[in-house]
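What follows is calculated from the coordinates using simple rules that are stated; it is not laboratory data. All values reported here derive from a predicted model rather than from experimental measurement. Every residue, glycine among them, receives a Cβ derived from its backbone with ideal geometry; neighbour counts consider all protein chains shown.
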Amino acid sequence: MAKSVPAIFLDRDGTINVDHGYVHEIDNFEFIDGVIDAMRELKKWALRWW
């Protein structure tokens, strides 16, 4: 049997960024307040990112 690996799956629109519809330009991408700090905390857990 395969060994399970802890992982985290993050959706984009409305989960980690403000949902303004489809983002065509990087200048239109806006993280939700606190997301960067939360992702730093999750990175400390050494989870796989998908």
Using modelled amide H (1.01 Å from N, peptide plane; none on Pro or chain starts), what sits under 5 Å from the amide H of N17, excluding residues fewer than 5 places away? I32
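Past the 15 angstrom mark, what percentage of all C-alpha to C-alpha distances in the chain do you count?
55
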Here FRET efficiency (C-beta to C-beta, D13 to K43, R₀ 22 Å, nearest 0.05) is 0.55
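Net charge near D19, counting Lys/Arg +1 and Asp/Glu -1 over other residues with Cβ under 12 Å of its Cβ?
-2
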